[in-house]
Amino acid sequence: MEKPILVCSLLVHAAKMDENYTEKEKSIILKSLSEIYKSKKKDEIEKILKQAEIKEAEANQILEFTKEIKNSDIEFRKKIIKIIWKIIYSDKTMDMYEANLMRRLSSLLYVTDRECGEIKSEVMKENIV
């Protein structure tokens, strides 16, 4: 499976965590993918999202998505954490399932609790949650 699809599948999973997958979350995902994969055209990014939505719906666990990402450099992993924080706080709240997901993801992606907290603070300042 291509890395962009796995990355996007993880983002979709995070967006669906509160059982409310919104257009705002889709917009955050599409914008983020465009920034990460600058060489890809808009229609390619939209195709990745469609494939990722299918992949996420079929997947049993997030390990399948994180396996590829954790081999990336720390800056890329932090970028993914930041995008997920943006998705979580797009509705101005974080439920217990989203909080649990972030604890698991920071561990699976080898991002320390401190780094994850700093990224969360950064996102909250940007969004003024």
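The values are calculated or read from the model by the stated rules, or taken from the named source; none is laboratory data. Computed from a predicted structure; not experimentally measured. A quick note on method: Cβ atoms are made from the backbone with ideal geometry, for glycine too, and the neighbour counts reach across all protein chains shown. Note: accessible area is taken over every heavy atom of the protein model, side chains too, but ligands, DNA and RNA are not part of it. Shrake-Rupley method; radii C 1.70, N 1.55, O 1.52, S 1.80 Å.
Rolling a 1.4 angstrom probe over the protein heavy atoms, how many square angstrom per residue are accessible across the chain? Mind dumping the intermediate values first?
Working: 7400 Å² over 129 residues.
On a per-residue basis, the chain sits at 57 Å².
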Task: Inter-label distance for ASP95 and GLN51, nm, one decimal - labels placed 7 Å from Cα along Cα-to-Cβ - done: 3.0 nm
Task: Low-density loop cleavage sites - trypsin sites (Lys or Arg not before Pro) in region 70-129, where at most 12 other Cβ are within 10 Å (DSSP) - done: LYS92
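Report the local net charge at SER32: Lys and Arg +1, Asp and Glu -1, summed over other residues whose C-beta lies under 10 Å from its C-beta. Intermediate values should be presented prior to the final figure.
On the way: positive: LYS31, LYS79, LYS82, LYS86; negative: GLU35.
Net local charge, SER32 excluded: +3.
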TODO: Subtract the Cα-Cα distance of TYR37 and ARG103 from 0.36 nm times their separation in residues, and report this length gain in nm to one decimal.
DONE: 21.1 nm
Open item on the list: In whole Hz and in residue order, list the ³J(HN,Hα) couplings for region 49-60 that follow from phi through the Karplus curve 6.51 cos²θ - 1.76 cosθ + 1.60, θ = phi - 60°; x for Gly and Pro.
Closed with: 4, 4, 5, 5, 4, 5, 4, 5, 5, 8, 6, 8
TODO: Name the aspartates and glutamates eligible as straight-distance cross-link partners of LYS16: C-alpha to C-alpha under 20 Å, and not fewer than 8 places from it in the same chain.
DONE: GLU25, GLU46, GLU53, GLU56, GLU58, GLU64, ASP91, ASP95, GLU98
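At a 1.4 Å probe radius, carbon and sulfur cover how many percent of the accessible area of the chain? List each step's numbers first, then the result.
Values: 3680 of 7400 Å².
Answer for the chain is 50 percent, counting heavy atoms of protein chains only.
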